[in-house]
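Visitor: Could you have a look at this structure, given as structure tokens, before my questions?
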Amino acid sequence: MTAVNPIIHSSWLHAIGEEFEKEYFSKLKAFLVEEKKTHQIFPPGRQIFSAFDSTPFDQVKVVILGQDPYHGPGQAHGLCFSVNEGVKHPPSLVNIFKEIENDLAIPAPKSGYLIPWAKQGVLMFNATLTVRAHQAGSHQKKGWEQFTDAIIRKLSDKKEHLVFLLWGNYAISKSSLIDQKKHFILTSVHPSPLSAHRGFFGCKHFSKTNQYLTQNQIQAIDWRLEK
């Protein structure tokens, strides 16, 4: 079971490795072992921690927080909002690309695979790292939130000049975990079709992120996925 021996960059084991030893995480592992006996779980086990394997702790510049992984076949691979190559863009991702095009005149890419952002220091993770196939929210309140809250606190405490992109009420509720004297928080409604027209479109979070990074002598993010 991958959750027992997480595939995760060594910098994260150094930063938050103690979480894997705590009682709540043992209960979470036991829950996942039982779930796998009777249900398909997304993302696949080897990709549960891929957000943290793709963006080492010491390279994080920007944090994008989601709530739940995609629960359809072939979509989730461990980074929030991202999908595997060749997978149709989910509606929220379509709207993210629309806002990037509006903000930075970067045309929407064919691929929804966001690893190129991760490699530049954009950490994209969900508050809940797994989900039962076709059942949104099915792994909430099983322990993942305690784990990911610890990650947000550690990033806030140990880093400086991070940009946190918090979209939707759930993500915005995590603001209390972040030291706003050290970091830059940008909030808006969620990019889902239900809410994007109420403030996500036009938020210009992508240019604002780069402006803040540049002001703090940090290399800006190239939001293009196709060069």
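Visitor: On a 0 to 90° scale, report how tilted helix 91-104 is relative to the longest principal axis of the chain, with both axes built from alpha carbons and the result rounded to the nearest 10.
Guide: Result, in degrees: 30.
Visitor: How many angstrom lie between the Cα centre of segment 81-106 and the Cα centre of segment 167-227?
Guide: Distance between centres, Cα-based: 15 Å.
Visitor: Quick one: Karplus J couplings for segment 171-182, per residue in order, coefficients 6.51, -1.76, 1.60, θ = phi - 60°, nearest Hz, x for Gly and Pro?
Guide: Working through the residues one at a time gives 5, 4, 5, 7, 4, 5, 8, 10, 6, 6, 7, 9 Hz.
Visitor: Run the helix sum for the chain: -39,500 (n - 2.57) per DSSP H stretch of 4+ residues, divided by residue count, reported at 222 nm to the nearest 500 deg cm²/dmol.
Guide: After summing the helix terms and dividing by residue count, I get -9500 deg cm²/dmol.
Visitor: Kindly sort Arg132, Arg198 by accessible area of their heavy atoms, largest first, with the probe set to 1.4 Å.
Guide: Arg198, Arg132
Visitor: Right, another one. Taking N as the number of residues in segment 41-163, what is its Cα Rg relative to 2.2 N^0.38 Å?
Guide: Rg over 2.2 N^0.38 Å, computed on Cα atoms: 1.04.
Visitor: For segment 137-153 and segment 18-44, write down the distance between their C-alpha centroids in whole Å.
Guide: Spelled out, the Cα-based centre of one part sits 12 Å from the other.
Visitor: Oh, and also: Determine how large the accessible area of Trp117 is when every protein chain is in place; take a 1.4 Å probe and give Å² rounded to the nearest 10.
Guide: 0
Visitor: Could you pull out every residue, at least 5 positions away or on a different chain, whose amide H is within less than 5 Å of the one on Gly168? Hs are placed 1.01 Å off N in the peptide plane, and Pro or chain starts have none.
Guide: Close amide H contacts, sequence-distant or interchain: Ser188, Val189, His190.
Visitor: May I pose another question? Taking the solvent-accessible surface of protein heavy atoms with a 1.4 Å probe, what is the per residue accessible area of the chain in Å²?
Guide: 47
Visitor: I'd like the accessible area for Glu160: 1.4 Å probe, protein heavy atoms, all chains in place, Å² to the nearest 10.
Guide: Near enough 120 Å² of accessible area.
Visitor: ³J(HN,Hα) across segment 108-118 via Karplus (A = 6.51, B = -1.76, C = 1.60, θ = phi - 60°), whole Hz, x for Gly/Pro?
Guide: Calculated HN-Hα couplings, in order: 4, x, 6, 9, x, 8, 8, 4, x, 5, 4 Hz.
Visitor: Further question on the same structure: Let me test this: with uniform point scatterers at the alpha carbons of segment 1-90, what is the Debye-based log₁₀ I(q)/I(0) at q = 0.13, 0.15 1/Å?
Guide: Values, matching the q order: -0.48, -0.64.
Visitor: For Cα pairs less than 8 Å apart in space and 6+ apart in sequence, what is the mean separation divided by the residue count of the chain, i.e. the relative contact order in percent?
Guide: 23
Visitor: Over 5 Å intervals from 0, what percent of Cα-Cα pairs in the chain sits in each interval?
Guide: Computed distribution, short to long bins: 1, 7, 14, 20, 21, 17, 11, 5, 2, 0, 0.
Visitor: Also: I'd like the carbon and sulfur percentage of the solvent accessible area for the chain, probe radius 1.4 Å, heavy atoms only, ligands and nucleic acids excluded.
Guide: Carbon and sulfur: 50 percent of the exposed surface of the chain.
Visitor: Cross-link list Lys27/Lys154; Lys142/Lys208; Lys88/Lys208; Lys88/Lys204; Lys98/Lys142: which exceed 30 angstrom alpha carbon to alpha carbon?
Guide: Lys142/Lys208; Lys98/Lys142
Visitor: Report the net charge of residues surrounding Thr214, where surrounding means a beta-carbon distance below 12 angstrom and charges are Lys +1, Arg +1, Asp -1, Glu -1.
Guide: Here the count lands on +2.
Visitor: Per-residue accessible area for Asp149 at 1.4 Å probe radius, Å² rounded to 10?
Guide: Accessible area, nearest 10 Å²: 30 Å².
The values are calculated or read from the model by the stated rules, or taken from the named source; none is laboratory data. As the structure is a prediction and not an experimental result, all values here were calculated from the model. Neighbour counts run over all protein chains shown; Cβ positions are idealised from the backbone, glycine included. Side chains are part of the model used for accessible areas, which takes the heavy atoms of the whole protein and leaves out ligands, DNA and RNA. Shrake-Rupley method; radii C 1.70, N 1.55, O 1.52, S 1.80 Å.
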